[in-house]
């Protein structure tokens, strides 16, 4: 057995053990048509537990919408425990957008609103089926640059691939035989009407961000930073600081006065 197939077994067993320990019978995963959600939903399917995979378009472009549906079809053809659903949230988003537009809400805030609407739908399904919402974020996104929406795609119960670099997610996808179209698609969060990719938004590739994250955790005295590497490191550090509030526990005021009463 290859190390990637062994890893996929380990993660699926981890998901299963968590669910069994908490009397959970259903796993709920939002499927975007991207590599992270494809791998996560496949790992969930492999547990044998009832797995609900959900495509939640909000004015989605055809490519993302179709890839999500293709993946859900592939899952159903391989695992009998998988159920798929398409919940079109476009009208729901439009109603909220129309109201918020009166308050001059920014485009970025509206993009994040899409993710939060989807989170609400996933928790509605999980809460109605003795389930949990399974996160799809990888290590660079969740623990490096904070490239996720707080209480959106960051609102989950467990995160099976949050300790995997994007390159490791791709290797898992290959070992799991995830459909080639998803493996070859450009990473995107699907929150913008113009179809901008993750790299467009971040300004660096995932390989570059992985390098920066590794360099900080394991500094190399041998590497002399060229202009591009210096730029990537600057991008990484800026995003890591700016989004640190997403990656750390919610601050809680400690009432030390109570001891004096």
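What to note about this one:
- If you go through region 159-173 and keep only what is outside any loop (DSSP other than H, G, I, E, B) and farther than 10 Å from residue 40 by Cβ, you end up with 166, 167, 168, 170, 171, 173.
- Extreme residue, surrounded by the fewest Cβ atoms within 10 Å (Cβ to Cβ), among residues of region 213-234 that are without any contact (Cβ under 8 Å) to a residue 60 or more places away in the chain and within 15 Å of residue 143 (Cα to Cα): 217
- Here residue 8 fits the description: at pLDDT 95 or above, surrounded by 15 or more Cβ atoms within 10 Å (Cβ to Cβ) and either more than 24 Å from residue 123 (Cβ to Cβ) or out of contact with any helix residue (DSSP H, G or I) (no Cβ under 9 Å at 6 or more places or on another chain) (or both).
A quick yes/no check of all residues on (1) modelled with pLDDT of 95 or more; (2) closer than 14 Å to residue 177 by Cα; (3) touching a strand residue (DSSP E or B) at 6+ places or on another chain (Cβ under 6 Å); (4) not in a helix (DSSP H, G or I):
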position	(1), (2), (3), (4)
28	yes, no, yes, yes
41	yes, yes, yes, no
72	yes, yes, yes, no
80	yes, no, no, yes
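- Exclusive hit being part of a helix (DSSP H, G or I), within 30 Å of residue 107 (Cα to Cα), out of contact with any strand residue (DSSP E or B) (no Cβ under 8 Å at 6 or more places or on another chain) and modelled with pLDDT under 95, set 196, 228, 258: 228
- Residue 111 vs. criteria within 25 Å of residue 147 (Cα to Cα), modelled with pLDDT under 95 and in a helix (DSSP H, G or I): yes
- Selection of region 145-165 for residues being touching a residue at least 60 places away in the same chain (Cβ under 8 Å), buried (at least 19 other Cβ atoms within 10 Å of the Cβ) and more than 18 Å from residue 188 (Cβ to Cβ) yields only 160.
The values are calculated or read from the model by the stated rules, or taken from the named source; none is laboratory data. None of these values were measured; they are calculated from a predicted model. Using ideal geometry, Cβ is built from the backbone for each residue, glycine included, and neighbour counts are taken over all protein chains shown.
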